[in-house]
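What follows is a single structure, and I will ask about it in a moment.
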Amino acid sequence: MVLKFYSGPVVGGGAAIVALALAEKQVPFEHVIVDMAANKHKTPEYMAMQPFGLVPVIDDDGFILYESRAICRYIADKYPNQGTDFLPKSLKERALVEQAASIEYSTFYPAIYPVMKELFGKPRQGLPVDQATLDEALKEFSAKLDVYEVILGKHRFLAGDEFSLADLCHYYNAPLLAEHGIDVMTSKGPNVTRWWNELMSRPTWVKLKADGFKSKQ
């Protein structure tokens, strides 16, 4: 049975990193669109899979898993010998990847969230963007990128010289900034700029953005 991948139709958020993980590991899947505008994510059937009523979710031959970062780890562990090895097997290499992934989850994501809330959340609610609040959020986020500049001065990617799960998780929200004219990811310093440009030009990402969540079987 081919893996079923439940998400909305837009390449963004947790669905983006799951789709990217599937692409990097060359895993066939069936894309099931969850019509959130019609509250399909709140039906009893869907919430039996995802009790918080969120996307994405995967159904791997009856094994249900939600939370995008957990899904990406599962995909990496289930298919260790195909596609990109973005979750290494060596104890020390994996520890460094988990360290960098923890930075994304505990530092990068909490810093970018207020930016996304102001930039995207308010307009979706019909509320105006508060520029002062947005500027302050961007200032705080920019300060975190100053530390990234130091880290990325030591190696090509966040956990070393190979693309890893830690880098993959950064596709969660940050690519949306440039689409709205905010170039903070490429204006901090040469190391962050180099790293981010490499992520944005990665062939699997370019294809995903161009093609969308096309079912692959």
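Give me log10 I(q)/I(0) at q = 0.21 Å⁻¹ for the range 100-217, Debye formula, one equal scatterer per alpha-carbon, no solvent.
Log-scaled intensity ratios, in q order: -1.25.
Could you pull out every one of the aspartates and glutamates with an alpha carbon less than 18 Å from that of LYS207, ignoring same-chain neighbours closer than 8 positions?
Output for LYS207: GLU24, GLU30, ASP167, GLU179, GLU198.
What size of dipole, in debye to the nearest 20, comes out for the chain about its Cα centre when the only charges are +1 on Lys and Arg C-beta atoms and -1 on Asp and Glu C-beta atoms? Numbers along the way, then the final one.
Working: 24 positive and 27 negative charges, 44 e Å.
The calculated dipole for the chain is roughly 200 debye.
Give me a comma-separated list of calculated 3J(HN,Hα) values for the range 120-137, in order, Karplus coefficients 6.51, -1.76, 1.60 applied at θ = phi - 60°, integers in Hz, x for any Gly or Pro.
Once rounded to whole Hz, the list reads 10, x, 5, x, 5, 8, x, 9, x, 6, 8, 4, 5, 5, 4, 4, 5, 5.
Another question, if that's okay. What number, in percent, do you get for the relative contact order of the range 91-202 if the mean sequence gap of Cα pairs under 8 Å and at least 6 apart is divided by its residue count?
Numbers: 93 pairs, mean separation 33.2, N = 112.
Value for the range 91-202: 30 percent.
Quote the charge dipole size of the range 91-202 about the Cα centre in Debye, to the nearest 20; the model charges only the Cβ of Lys and Arg (+1) and of Asp and Glu (-1). The partial results should precede the final answer.
Working: 12 positive and 16 negative charges, 26 e Å.
About 120 debye.
Can I ask one more? Starting at 0 and stepping by 10 Å, how many percent of the alpha carbon pairs of the chain end up in each bin?
Cα pair-distance distribution for the chain, in percent: 8, 32, 36, 20, 4, 0.
Report, in listed order, any pair from LYS4/LYS25; LYS4/LYS214; LYS78/LYS209; LYS117/LYS139; LYS4/LYS117 with a Cα-Cα distance greater than 21 Å.
On the way: LYS4/LYS25 15 Å; LYS4/LYS214 12 Å; LYS78/LYS209 25 Å; LYS117/LYS139 15 Å; LYS4/LYS117 29 Å.
Checking Cα-Cα distances, LYS78/LYS209; LYS4/LYS117 exceed 21 Å.
Something else now. Could you list which residues have their amide H under 5 Å from that of GLU162, counting only those 5 or more apart in sequence or on another chain, with H placed in the peptide plane?
PHE157
Where does the longest stretch of the chain lie that holds no trypsin sites (Lys or Arg not before Pro) found in a DSSP loop with 15 or fewer other Cβ atoms within 10 Å?
Working: sites that count: LYS89, LYS154, ARG156, LYS214.
Excluding the exposed sites themselves, the longest stretch runs over 1-88.
Name the residue farthest towards the positive end of the dipole of the range 91-202 from the options GLY189, PRO114, TYR171, assuming +1 on Cβ of Lys and Arg, -1 on Cβ of Asp and Glu, about the Cα centre.
Of the options given, the answer is TYR171.
Between the DSSP loop rule and a limit of at most 16 other Cβ atoms within 10 Å, which GluC sites (Glu not before Pro) in the range 124-165 are left? Spell out each step's value before the answer.
Working: sites: GLU136, GLU140, GLU149, GLU162; in loops: GLU162.
Here the sparse-neighbourhood loop sites are GLU162.
Right, here's the next one. Looking at LEU96, GLN82, THR133, which one has the Cα that reaches farthest to the positive end of the dipole of the range 62-217 (charges on Cβ: Lys, Arg +1; Asp, Glu -1)?
GLN82
Report the Cα centroid-to-centroid distance between the range 134-209 and the range 98-112 in angstrom, as an integer.
Here the two parts' Cα centres lie 12 Å apart.
Taking Cα centroids, how far is the range 40-60 from the range 11-28 in Å?
A separation of 18 Å, based on Cα centres.
Whole-Hz Karplus ³J(HN,Hα) for the range 2-18, in order, using 6.51 cos²θ - 1.76 cosθ + 1.60 and θ = phi - 60°, x for Gly and Pro?
Rounded to whole hertz, the list is 5, 4, 9, 10, 9, 6, x, x, 9, 6, x, x, x, 4, 5, 6, 5.
We did not get these values from a lab; they are worked out from the coordinates using the rules stated. Note that the structure is predicted; figures quoted are calculated from it, not measured. Note: ideal-geometry Cβ built from the backbone for every residue, glycine included; neighbour counts use all protein chains shown.
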